[in-house]
Amino acid sequence: MRSLLRYLGSYKKESVLAPLFKLLEALFELFVPLVMARIIDIGIKNGDIGYILQMGGLLILLGIIGLVCSLTAQYFAAKAAVGFGTALRHDLFQHIQSLSYSEVDTVGTSTLITRMTSDINQVQSGVNLFLRLFMRSPFIVFGAMIMAFTIDWKAAMIFVITIPALSVVVFGIMLISIPMYRKVQSRLDRVTQLTRENLVGARVIRAFNRQKDERENFTEANALLMKVQVFVGKITALLNPVTYIIINVAIVVLLWVGANQVNNGIILQGAVVALVNYMSQILVELVKLANLIINITKSLACANRIQNVMELKPSLTEYSTTEVKETNSETYIEFDHVTFAYQNAKEPSLTDISFKVKKGQTIGIIGGTGSGKSSLINLIPRFYDATEGKITVGGTDIKNYPLNQIRTMVGIVPQKAVLFKGTIAENMRWGKKDATEVEMMEALRTAQAAEVVEGKEGRLNADILQGGKNLSGGQRQRLTIARALVKKPEILILDDSASALDYATDAKLRKAIKQMDRNMTVFIVSQRSTTIQYADQIIVLDDGKIVGIGTHEELLRSCEVYQEIYYSQFPKEGRQNG
Amino acid sequence: MGKEKNKEVMLKVLRSIRPYWFLVVLSFVMAAVTVALTLYVPILIGYAVDEIVAAGNVNFPGVWAIIKQIVVVIVITALSQWLMNVCNNRITFRVIKDIRTKAFHRLENLPLKYVDSHQYGDVVSRIVSDVDQFSDGLLMGLTQLFSGVITIIGTLAFMLYLNWIIALVVVIITPLSLFVARFIAQRTYTMFHKQSETRGKLTSLIDEMIGNQKVVQAFGYEDDALKRFDKINETLGEFSLKATFFSSITNPATRFVNGVVYAGVGIVGAIAAVNGVLTVGRLTSFLSYANQYTKPFNEISGVITELQNALASAARVFELMEEEPQIPDAEDAVVLADVDGNVEMDHVYFSYTPEQKLIEDFNLNVKPGQRIAIVGPTGCGKSTIINLLMRFYDVDDGCVKVEGEDIRHITRESLRDNYGMVLQETWLKSGTIRENIIYGKPDASEEEMILASKAAHAHSFIKRLPQGYDTVITEDGGNLSQGQKQLLCIARVMLCLPPMLILDEATSSIDTRTEIRIQKAFAKMMQGRTSFIVAHRLSTIKEADVILVMNNGNIIEQGTHEELLAQNGFYANLYNSQFAL
């Protein structure tokens, strides 16, 4: 939290003035019972109507000054809190964007999104509340007590006893109930989860005829929830009656002590009324304070979560920002004894990978689920750093490229076809900001996506919904391929990105890419052996190790794993039919 | 929402509270007692003040008597307040529980058509947050409304009883606070609306950019994203400032109005006291009324909006609970036993929406032990056939028969018991791996379970998980790969070993080597049993006895792999395209 406080730095003035004006307001509020006491003790006693009107005017004046002070305070508090939130949001967004794949993997995107949204909102309103109330409530509570002392010390002693007693009750009940609210939340989460599960899994549940058990599960979870809710309810139900008793008993004692003091001529009748008034003020403020503390605690938890994200350091370092000039070497890309393990993973995902690629070659990568195919290609644009070994592109270690340069050189089509809300053209321009319509259409044609665009009203300006929901899986994949092609990358990586396409379209796509640019180096990751069959080199991965490298014919002769994969898709006679 | 509908919803709400009518009555009585006594205390205090006049002029026995009265009143008030709270709690949470349980039971009985055509989030929010809103707003709201109204009436009555002139002052100034509150509320509402609209925009941008950070980084889009973010963030800042400020005006403003009422009572009361119409003690009572008189007004205006929200939520919950359930099993429905695997689809017509025809005059005859494969482009109706076979949907015309019996005359339970199903959408429960595998057969022994897992080639990866079979997986198996999830779903079915099997893209995320091994296991287990296989990968279905090639809701070709290739039609085209280039 402390380091987040620097975001209030630009709002120092506001952060000081807000509580200050709040104090002023409280101060004026504390005068009110005193003025009233004077009306009774001087005005009424002497029958001085002029004095009464004067004091009455003073009361209204106090109210107006209080209102002005408090509006000023509210404005400053709002300004500081909103400014704080806006600045924090900006920085956190920028920070998250700088995190590398490793951090995103460990933290998880949904967590990051909650930090960005609800957590910041909670902290923002916490700051607002804090600036407004943290001074006011304790000030009124103790102020009332001090005022009581100015009236009569004997009567004030009742305040000294009452305030701690009330605090113990109010804060005690809160302390007991807060952890239980957490329990309520977790049981409510369970109910939500069961409901969700039963919707998503409706088919499976019915297929297995488990409706009755699911109903029982739900009823049980629901009953558990009710039980804890009723229990918490019982405890919080005590708050009002108990504080009511304490405050009113205190007033009763006050009356008795007051009666004695008046009788002895130490104080006047109006002073007794003032004391009773101060007592009533205390309760209201203590309850406010308790609520404030609940809110602040919540905000602090959120602030800590945000802080944790802020403290994440991107694990990738940009070693150089000077653009690397291409050198003409025979080998364009080289993996030199590369080993790679994900953060916190026990076993490496890739072990001792070495291979060389010439410019313009097409490289197929094949292997079973979890064999390390995607891990391998993710190393090329430096989404992750190799744990051991070295990767060079154009003769230079990729660590010596500016991140921006290496990523511009590489066009990657990820497994999950992601499109963004906006028009098709806007999505295409992710690859190249100033792409012309001709360039975009060319890329779309190569990606076999021209028909997708032509089928839409407004063509390139047709809208895509968030996540590309208004497109089929195959259409999405083709558009993401086109997006990567628009920037005419030097290295194109297709990470199993044609899986939703039928074989015919897949084949046409590969043909079109091949014709596109002789100098483009292409990596194709696939589980389909037909997709990579005609690659210049095929890398066969098994359990993170290269078990074969060569052309289709070579591998079919020499590589056992490759044979197994191939024949699993084309039982021996397959080729004849083709 | 129309008045009529509101009334209707209200009636339903009352019906759901009816089992607790005794608690409701008790709560209302206690509320009335609490309010009356709370209002009585200031009067007693006023009496006491009147006994404390000046030095040497204090009536101690009088004060003592009043103090005794006050203590009794306090204790009774606190007790009735506590009782009221406890009653309200009970009513609220019990009604919530009842409604949730009922809604969930209905959910399990709704036709899949409902589940498929409604967003999950929407249904979940009806059962979870709408029910909460409904109970909080309605039950708490009603009691607050009740005690608020009693407080206002009671205060008025007491004030009139004490002194009608001063009472008039209070009555005249108080509406001021209502006007102020209304004025602020309107301003605040527009600002809050704008704030939440902008917040929504920002959230969806964050959702897209952070959610797909990998793509953003791959395209070096970070700076553009930040620019777009800043633009919305700034607008949000402006609206937030206004919304926060306006909403925070309410408290000081009502405090000010309160202060004016207080001053008014003070001035008029003091003048009255000078004229001997009012004692100082009565003035004290008045002052404390003035302090709290505006409170119930503010509360009531808050409660009314809350009530409106609650009614809207209640309407949504009831809508779900009154949704037409699936047609119950016919009374004379037979229990399907001794299934050989004869399945027949006879002139079947079906479509999800009347405007879009899908399956027309579909005929199929499957003999025991046959392996039927269904292929075809996306959207051709492959999965629909499965929906009809399992009776997730009912046919529009024609019929589906198992062992010669129309499945509408078979109990759903026994029909589905005879099918094993693995879908492309892998669904796993949150719970342990073990719980998931034995989902279809909860009484399976350890050996049976391990055997099934081994057959599904899931055993080896399960063994490698931190707690083996007792590893807890999160909702929808988030921490497993798609392929691993499919293996678990297959193990789940293998354990039940039903007479008929449906595999809808069941192995699409499993690598082909493992797939072949699984298929061999299936083949061995399914010896003599009927199976339906839907797949994209042609290698998956080549061995089938009959391949149905579907397009636009119809079978366009039918035969074995070799026969279809010889026909040189749609299938042959599809198949050969694999080897193009």
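One table, with the values for the structure above:
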| quantity | calculated |
| --- | --- |
| For B:D396: the one exception among (1) in contact (Cβ under 8 Å) with a residue 60 or more places away in the chain; (2) of a type outside the set (K, R); (3) within 18 Å of B:R408 (Cβ to Cβ) | (1) |
| Subset of the range A:208-254 that is within 7 Å of chain B (Cβ to nearest Cβ) and of a type in the set (F, W, Y) - its residue that is farthest from the chain's Cα centre (by Cα) | A:Y244 |
| Among the residues listed as B:R94, B:R106, the single one being in contact with an Asp or Glu (Cβ under 7 Å, 6 or more places away or on another chain) and touching a residue at least 40 places away in the same chain (Cβ under 8 Å) | B:R106 |
| Test: B:G46 is at the interface with another protein chain (Cβ under 10 Å from one of its Cβ atoms), assigned to a helix (DSSP H, G or I) and surrounded by fewer than 18 Cβ atoms within 10 Å (Cβ to Cβ) | no |
| Search result, residues across the range B:234-255 that are under 17 Å from A:A73 (Cβ atoms) and free of Cβ contacts under 8 Å to residues at least 40 places away in the same chain | B:L241, B:T244, B:F245, B:S248, B:N251, B:P252, B:R255 |
| Boolean, B:P296 is closer than 30 Å to B:V115 by Cβ and within 38 Å of the chain's Cα centre (by Cα) | no |
| The one condition in (1) at pLDDT 90 or above; (2) basic (K, R); (3) surrounded by 20 or more Cβ atoms within 10 Å (Cβ to Cβ) that A:K227 fails to fulfil | (3) |
| Residue ID - nearest to A:K433 (Cα to Cα), chosen from residues in the range A:378-413 that are of a type outside the set (G, A, S) and in contact with a His (Cβ under 9 Å, 6 or more places away or on another chain) | A:K390 |
| Every residue from the range B:161-174 that is over 13 Å from B:Y289 (Cβ atoms) and in contact (Cβ under 8 Å) with a residue 24 or more places away in the chain | B:I165 |
| Output for the range B:94-140, where each listed residue is of a type in the set (S, T, Y) and under 10 Å from the mean Cα position of the chain (by Cα) | B:Y120, B:S125, B:S129 |
| Residue in the range B:266-325 that is farthest from the other protein chains (Cβ to nearest Cβ), counting only those that are aliphatic (A, V, I, L, M) and assigned to a loop (DSSP other than H, G, I, E, B) | B:V277 |
| Boolean, A:T321 is within 30 Å of A:R518 (Cα to Cα) and outside the structural domain of A:A386 (by TED's automatic domain parsing) | yes |
| Test result for A:Y51, facing chain B (nearest Cβ under 8 Å) and either touching a helix residue (DSSP H, G or I) at 6+ places or on another chain (Cβ under 6 Å) or more than 30 Å from A:A271 (Cβ to Cβ) (or both) | no |
| Residue in the range A:277-294 that is within 14 Å of chain B (Cβ to nearest Cβ) and of a type in the set (G, A, S) present | yes |
| Selection status of A:K22, out of contact with any Ser or Thr (no Cβ under 9 Å at 6 or more places or on another chain), of a type in the set (K, R) and either more than 30 Å from B:V280 (Cα to Cα) or at pLDDT below 90 (or both) | no |
| The range A:450-465, subset surrounded by 15 or more Cβ atoms within 10 Å (Cβ to Cβ) and within 14 Å of chain B (Cβ to nearest Cβ), residue farthest from A:G422 (Cα to Cα) | A:V452 |
| Condition check for A:L23: surrounded by fewer than 21 Cβ atoms within 10 Å (Cβ to Cβ), within 20 Å of A:K12 (Cβ to Cβ), more than 7 Å from every other protein chain (Cβ to nearest Cβ) and within 38 Å of the chain's Cα centre (by Cα) | yes |
| Hits in the range B:354-406 (condition: charged (D, E, K, R) and over 32 Å from the mean Cα position of the chain (by Cα)) | B:K357, B:E360, B:D361, B:K367, B:R371, B:D397, B:K401, B:E403, B:E405, B:D406 |
| Selected residue (only one of A:A87, A:A148 is over 14 Å from the mean Cα position of the chain (by Cα), closer than 18 Å to A:E285 by Cα and of a type in the set (G, A, S)) | A:A148 |
| Any hit, the range B:426-444, residues being touching a residue at least 60 places away in the same chain (Cβ under 8 Å) and of a type in the set (G, A, S) | no |
| Some residue of the range A:512-526 being farther than 24 Å from A:Q405 by Cα, assigned by TED's automatic domain parsing to the domain that holds A:D542 and buried (at least 18 other Cβ atoms within 10 Å of the Cβ) | yes |
| Residue pairs meeting the criteria (Cβ under 7 Å; at least 6 apart or on separate chains; first of a type in the set (F, W, Y), in the range A:172-188; second surrounded by 13 or more Cβ atoms within 10 Å (Cβ to Cβ)) | A:Y181/A:V232 |
| Wholly enclosed helices (runs of 4 or more DSSP H) of the range B:438-534 bearing at least 3 residues under 35 Å from the mean Cα position of the chain (by Cα) and away from chain A (no Cβ under 13 Å) | none |
| All positions within the range B:368-407 that are in a loop (DSSP other than H, G, I, E, B), closer than 30 Å to B:L574 by Cβ and more than 14 Å from every other protein chain (Cβ to nearest Cβ) | B:P368, B:G369, B:Q370, B:G381, B:V395, B:D396 |
| Residues of the range A:199-234 satisfying the condition of being within 22 Å of B:F93 (Cβ to Cβ) and in contact (Cβ under 8 Å) with a residue 12 or more places away in the chain | A:N217, A:F218, A:A221, A:N222, A:L224, A:L225, A:V228, A:Q229, A:F231, A:V232 |
| Selection count, the range A:393-429, where residues are among the hydroxyl-bearing types (S, T, Y) and without any contact (Cβ under 8 Å) to a residue 60 or more places away in the chain | 1 |
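The values are calculated or read from the model by the stated rules, or taken from the named source; none is laboratory data. In this text, all values refer to a predicted model and were calculated from it rather than measured experimentally. Using ideal geometry, Cβ is built from the backbone for each residue, glycine included, and neighbour counts are taken over all protein chains shown.
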